[in-house]
Each structure stands twice: as structure tokens, then as C-alpha cells.
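Everything below concerns the one structure shown next.
The values are calculated or read from the model by the stated rules, or taken from the named source; none is laboratory data. Every value quoted in this text rests on a predicted model; they were computed, and no experiment measured them. In this analysis, Cβ positions are derived from the backbone assuming ideal geometry, glycine residues included, and neighbour counts consider all displayed protein chains. Accessible surface is based on the protein model in full, side chains and every heavy atom, while ligands, DNA and RNA are left aside. Shrake-Rupley method; radii C 1.70, N 1.55, O 1.52, S 1.80 Å.
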Amino acid sequence: NNTAIGFQALDANVGGSSNNAVGRNALGLNVGGDQNVAVGESALGNNNSGDNNTCIGHQAGNSIENGSNNTIIGSAAGTAGLNGNIILAAGTTERMTIDNTGQTSFASGNCTISAGGSGTFASGLNISGVLTFDMSQLPAI
């Protein structure tokens, strides 16, 4: 019960099930991985036995061979050895990464927390670089 659309998509699959591959070579080397979603040319193209990955974008997660439980969005994002990560990328620059411990990191650039949002930081908040606030969003006193 796999779905493969594209030249060599799920080409090497032997025992993997519930996989969806869309694009040339998407999940192309998958042999036994289950419940993966790969959309884009060579998305998860080198995955061999990793399970429960979702990769969207040209070569997204292409370096993952056995990693599981990753969500990657962006072209050529994701490196080998990932397990339980969420990565948002622009090209090969990973803009935001949440690792399997919940640690969140941002690439150089801006981070915005919208008005009305809330959250807690279990181990504190470390900020390097420039921190700015839009004072117009504060309620009148």
C-alpha cells in the first residue's frame, strides 16, 4: 500500500509500507522504511529504513538514510543522522530547527513572537545579537 509517482520513486522498495513518494527518485533507495512522505525530486532519496519522516522540497532529507520521525520543509535541507527533528529551510540554509529534545535554534536573521502569544522557557532564554520590540503593540496604561 505505497504510492509512487515519478521516475524511480520508491524504486528499491522491498518491504516498506504506507509510503508516499512524489517526484523523480523520491524515496528511491527506500528498502524497508514505513510511513514516510517524500514530495520533491530526490526527497528522502537515500532513505533506506527510516520511518515516519515527512520531507517536502527538492532533495529535502536526501542525506537521511536511517533516521526516523523527522519533518523537513525546504530545498536540500536535512543532514544524515537525524532523528525526531523539525527543520524549516530556505535552500540549504536551515532557518529554524527543533531537535528531538525540544531545543530550538534559529539561523541568523529575525525571530518574531506575535502579540497575544505566550509561552514558557524551561531553562531560560538565551538571546544573542539584536533584540527589538515594537512598543506600539503594548496596551495603554
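Out of all the residues in the range 22-36, which are open to solvent by less than 60 Å² (accessible area, probe 1.4 Å) and closer than 17 Å to residue 67 by Cα?
26, 27, 28, 30, 31, 32, 33, 34, 36
Those residues that are surrounded by 19 or more Cβ atoms within 10 Å (Cβ to Cβ) and over 9 Å from the mean Cα position of the chain (by Cα), I need them from the range 77-93; list them, please.
Answer for the range 77-93, where residues must be surrounded by 19 or more Cβ atoms within 10 Å (Cβ to Cβ) and over 9 Å from the mean Cα position of the chain (by Cα): just 82.
So, residue 71, is that one at pLDDT 65 or above, surrounded by 10 or more Cβ atoms within 10 Å (Cβ to Cβ) and over 30 Å from residue 1 (Cβ atoms) or not?
No; evaluated as a whole, the condition is false for this residue.
Can you tell me which residue is farthest from residue 17 (Cα to Cα) among those in the range 44-89 that are touching a Gly at 6+ places or on another chain (Cβ under 8 Å) and of a type in the set (Val, Ile, Thr)?
87
Considering every residue within the range 104-125, establish whether at least one is modelled with pLDDT of 75 or more, open to solvent by 70 Å² or more (accessible area, probe 1.4 Å) and not charged (D, E, K, R).
no
Of all residues in the range 37-55, which are outside any loop (DSSP other than H, G, I, E, B) and open to solvent by 10 Å² or more (accessible area, probe 1.4 Å)?
The initial filter retains those residues of the range 37-55 that are outside any loop (DSSP other than H, G, I, E, B), namely 37-39, 54-55.
37, 39, 54 - these are the residues of the range 37-55 that are outside any loop (DSSP other than H, G, I, E, B) and open to solvent by 10 Å² or more (accessible area, probe 1.4 Å).
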